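A.B. asks: Before anything else, here's the structure in question.
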Amino acid sequence: MRQKRAKTYRKLMALYSTTFGFRQPYQVLIDSEMCKHSVSANTDLVKQLSTVLHGEVKPMITQCCIHELYLQGKTHQGSVDLAKMFERRKCNHREPIPGDECLKSVVGETNKHRYVIASQSQPLRSKLRAIPAVPLVHINRAVMVLEPPSDKTLQTKSMRKRRLSH
């Protein structure tokens, strides 16, 4: 990883740690598209995540996302095997729903369980930017990218800072 990018990511994770209480091991919710992309690019997903987040990671996947991978058929068996190695996060959906909706419901309105979201889905990432304190990770070409904090996250940070100073 380039030094400038590494420094930026270290500062970002420090912001999430000090302001919102994130701590290691970081709980990373991974979607089915990220698993498929990782297998097709032949990369070590967990190692890359720990490098980008500068700490230990605890990869997690929801039951709905695993079901989505099963529906892809035998061609994506490697993705299913990768997903089975991750810890299961109970999503409490009786019937499997699309992965994006499932991840959004697990994060909730405030991300109280402090999840980092690793997703290739652009619509999901844009929805999650409206929620403060949600670090987003995606893969661009062959590089894993930690997105800069959303405007909502920066607003929440400044409000907390202002509240502490008064």
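The values are calculated or read from the model by the stated rules, or taken from the named source; none is laboratory data. Just so it is clear, the model here is predicted, and its values are computed rather than measured. When we count neighbours, we look across all protein chains shown, and the Cβ atoms used for this are built from the backbone with ideal geometry, even at glycine. What goes into the accessible areas is simple: the full protein's heavy atoms, side chains included, and nothing from ligands, DNA or RNA. Shrake-Rupley method; radii C 1.70, N 1.55, O 1.52, S 1.80 Å.
A.B. asks: Tell me, what is the per residue accessible area of the chain in Å², probe radius 1.4 Å?
C.D. replies: On a per-residue basis, 58 Å².
A.B. asks: May I pose another question? Could you tell me which Cys residues in the chain have no other cysteine's Cβ under 4.7 Å from their own Cβ, answering none if every one has a partner?
C.D. replies: 35, 65, 91 - these cysteines have no disulfide-compatible partner (Cβ-Cβ under 4.7 Å) in the chain.
A.B. asks: Within 10 Å, count the other beta carbons around each residue, average over each peptide in 43-50, 154-161, and list them highest first.
C.D. replies: Numbers: 43-50: 17.2, 154-161: 13.4.
For the peptides 43-50, 154-161, the packing ranking is 43-50, 154-161.
A.B. asks: Can you pull the semi-axes for the chain, root of five times each eigenvalue of the Cα gyration tensor, sorted largest first, whole Å?
C.D. replies: After diagonalising the Cα gyration tensor, the semi-axes are 27, 19, 13 Å.
A.B. asks: Where is the GNM fluctuation largest for the chain (alpha-carbon springs, 10 angstrom cutoff): 131, 139, 30?
C.D. replies: Of the options given, 139 has the highest mean-square fluctuation.
A.B. asks: 222 nm [θ] for the chain, helices only, -39500 (n - 2.57) per DSSP H run of 4+, per residue, to 500?
C.D. replies: That comes out to -15500 deg cm²/dmol.
A.B. asks: Same structure, new question: Given a 10 angstrom Cα cut-off, can you work out which residue in 141, 88, 129 is the most mobile in a GNM of the chain?
C.D. replies: Most flexible of the set in this elastic network: 141.
A.B. asks: Out of 82, 103, 146, any idea which swings most in a Gaussian network model of the chain, alpha carbons joined below 10 Å?
C.D. replies: Greatest mean-square fluctuation among the candidates belongs to 82.
A.B. asks: Hey, another quick one. Could you order peptides 58-70, 16-28, 109-121 by the average number of other Cβ atoms within 10 Å of their residues, highest first?
C.D. replies: On the way: 58-70: 21.2, 16-28: 16.6, 109-121: 18.8.
Going by the mean number of other Cβ atoms within 10 Å, highest first, we get 58-70, 109-121, 16-28.
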